[in-house]
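Encoded as structure tokens, the structure appears first; notes follow it.
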Amino acid sequence: MGRPSRKPCGLPTYPWRLAPDGLATRRQLRAFGLRPGGQPVVAQVERPRRRRGPLVAYLYRIDQAKPVRRMTPGKWAALAKANAARRTCPVCRRDAGYTLPTSLGVCVPCADAPALAA
């Protein structure tokens, strides 16, 4: 277990991968099927980076975490509709079967059409 240091933000700070047992990041909580559930951040882990300052991840208590909420049928329908919109080409109005690249904004055949016509 790493020894915490005190940062100006007032949270105990641990070195990367040396947080004490019983604390987890949001991503780790999610892997356990949990969420922070409104509890405050209790500590942080910090990993030094060469260029843009340290990388910080906040830690939450596992014993106070709550189960992840289940998706309702309405949320599933809204998610399916949003994903379908991301796959539909605005030019040919067909479902491309994949998420359209934001760099093109259209499906690949529609993006290549002007190049083939030339």
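Extension gain, A31-I62: 0.36 nm per intervening residue step, less the Cα-Cα distance, totals 10.0 nm.
Given 10 °C and 1.306 mPa s, compute D for the chain with the Stokes-Einstein relation, Rh being the Kirkwood radius over Cα pairs; round to the nearest whole µm²/s.
Numbers: Rh = 18.4 Å.
Here the translational diffusion coefficient equals 86 µm²/s.
Within the listed set Y14, Y98, Y60, the residue fluctuating most in the Gaussian network model of the chain (springs between alpha-carbon atoms under 10 angstrom) is Y98. Note on R94 and V42: their simple-model spin labels are 5.6 nm apart, each label 7 Å out from Cα toward Cβ.
A simple rule links phi to the HN-Hα coupling: the Karplus curve 6.51 cos²θ - 1.76 cosθ + 1.60 with θ = phi - 60°, which for segment 48-54 gives x, 10, 6, 9, 9, x, x Hz, with x for Gly and Pro. For segment 5-67, the C-alpha radius of gyration divided by 2.2 N^0.38 Å, with N the number of residues, is 1.14. Taken about its Cα centre, segment 5-67 carries a charge dipole of about 440 debye when Lys and Arg each add +1 at the Cβ and Asp and Glu each add -1 at the Cβ.
Candidates V42, L100, A78 compared by Cα position along the dipole of the chain: farthest toward the positive end lies V42, with charges placed on Cβ.
Rounded to the nearest 500, the helix-only mean residue ellipticity at 222 nm of the chain stands at -8000 deg cm²/dmol, with each DSSP H run of n ≥ 4 adding -39,500 (n - 2.57).
Values in this text are rule-based calculations from the coordinates and carry no lab data. Treat the numbers as computed from the prediction; the structure is a model and nothing was measured. Cβ: placed from backbone, ideal geometry, glycine included. Neighbour counts: every protein chain shown.
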